[in-house]
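Data first, discussion second: the structure below is written as structure tokens.
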Amino acid sequence: MRASAESPPMLCARFLLRPSLLLALVAVALLPHAALAREIRPDSLDRQIDAIPAARLLALPIAQLLDPARTAAAHHLLWVRPYAWLAMVLFEFAAMLYLWSSGAAAHWRDALRRRIADERLVRMIFGALLGLCVRVAALIPTYAQYRVDRSLGRADILGAHWLAIWSVGTLAAMLLAGATIAVVLELVDRTHRWYLPTIVLFILASVLGSYLYPFAVVPVLWPGARHSVRLSSENARLAAAAGLPVIPVLRADADFAGLKDRVVLVGLLGSREMLAANGVLRGYSQSERAFLLARNNAQLKNDALVIRLAVELTLVLVGVALAVIIAERIGVRRDDDPLSRIALLAALLVLAYAAIAPADLAVRRSMVMRSDRAALAMTHDRAAAIGALVRQGDHRVESLCPTPLSALLVAERPPLGSRIARIEGAPDPCEKNKLARGNPPHLSRRSGLTHS
């Protein structure tokens, strides 16, 4: 018989509300520091690129387009990012496996059930605690990656702002994990074919989340994003020429979420909008901005966001199915029940995510390459396209060609050398020579490249 010494609201406060309120207070206290995290751009790089004539830009060897110092830094980054990603996966997997194998998950379950009679609330709090554990387990490698990015100029936000956004993300993960586990286990109780309504709910939640992204996520990750009259006007001309609907363009401060020096398309259907880093307006020429805007219009024309959503949802469902099948073949502990075994399932989901990540990244790289081709067809300016990619490569500290491990695990975009070669119609430098193994090329100083 379950004890009732504490009421459900009191237990909810002990197990869930207290850590949630702590995270919320951290976020509220630190988010004002975002005002100090303004974008710091290496303008000397922009001036060097501006000094290269268009004809010279097209004639230079690809290996001599990037800044030598940044290329050397990118070479070191190639070895940091994949191992940081692997460490994150390993820490998350180990944390969830330990919770299950040690009996801690069963202990949490019993502690919740002794104090709460409502099984739905028990499941929700249990799921939220698992979500918190996953986020905390990945904190060290995630923060280490941020510090590396910060030291190389890839991230422009302060540590306080990073921690605030991490806290908000953790709260969201807790809510999502708690709601998902409560709903799925409720379906398991009601029908043997629980997986059918679960798939439908996953699809609906994904579509709704994509639609609400501009309203719920953008204000958090890009506080102070505002409408850009100049970029919206430039985009309106491109969209009209391509026969596409006009999408509003917002200016946003660069941040750790990956907006640095680029324009991205977010939202779905009527909520679509473009987000442009401040540096795009301040450091890029109009023709280079046209190429970046045209890439997003190409994605809009090809329904790239819808296709990517469908692909990612399919991969997620495949990963969940694999995790469930494997979990069913692992022996049951004496204190196990469907709720406590969620920790085991979470550990297997981490491995499933690691297994399907390369396929997801391959799809993203393919879509980026198609967008480059379509944007070039819209603008007909190869020099501007190369200039835009070179600026991005310098400021994001990208290597011309990644190491095989980096390309497999963390590369969301095709190699910069491959993208430039495709635009130039030149041989791909990443296919045959030693750049494919991540070795930095021997480069001249860019200041000498401006002379014929």
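Laboratory data are not the source of any read-out in this text; all were calculated from the coordinates shown. Just so it is clear, the structure is predicted and the values come from calculations on it, not from any experiment. A quick note on method: Cβ atoms are made from the backbone with ideal geometry, for glycine too, and the neighbour counts reach across all protein chains shown.
List Glu328, Glu398, Glu431 from most exposed to least, where exposure is judged by having the fewest other Cβ atoms within 10 Å. Write out the running numbers ahead of the final one.
On the way: Glu328 10, Glu398 25, Glu431 13.
Sorted ascending by nearby Cβ count, the order is Glu328, Glu431, Glu398.
What is the packing order of peptides 281-292, 107-118, taking the mean over residues of other C-beta atoms within 10 Å and listing the highest first? Don't skip to the end; give the middle numbers.
On the way: 281-292: 20.2, 107-118: 17.6.
Highest mean packing first, the order is 281-292, 107-118.
Which ³J(HN,Hα) values, rounded to whole Hz and listed in residue order, are derived for the range 226-243 from phi using the Karplus coefficients 6.51, -1.76 and 1.60 in 6.51 cos²θ - 1.76 cosθ + 1.60 with θ = phi - 60°, glycine and proline given as x?
For the range 226-243, the Karplus-derived couplings read 9, 5, 9, 5, 5, 5, 5, 5, 4, 5, 4, 5, 5, 5, 5, 5, 8, x Hz, x marking Gly and Pro.
Packing-wise, with mean Cβ within 10 Å as the measure, how do 313-322, 377-386 rank, highest first?
Peptide ranking by packing, descending: 377-386, 313-322.
Rg to Rh ratio, the range 288-378, alpha-carbon atoms and Kirkwood radius? Could the numbers behind the result be given before it?
Values: Rg = 19.4 Å, Rh = 15.6 Å.
In the range 288-378, Rg relative to Rh is 1.25.
Please report Val148, Val229, Val350 as a ranked list, fewest other C-beta atoms within 10 angstrom at the top and most at the bottom. Please list the in-between numbers first.
Details: Val148 18, Val229 10, Val350 24.
Taking fewest neighbouring Cβ atoms as first place, the list is Val229, Val148, Val350.
So how strong a dipole does the range 135-228 carry about its Cα centre when Lys and Arg Cβ are +1 and Asp and Glu Cβ are -1, to the nearest 20 debye? Walk me through the numbers on the way to the answer.
Values: 7 positive and 4 negative charges, 32 e Å.
Using only the charged Cβ atoms, the result is roughly 160 debye.
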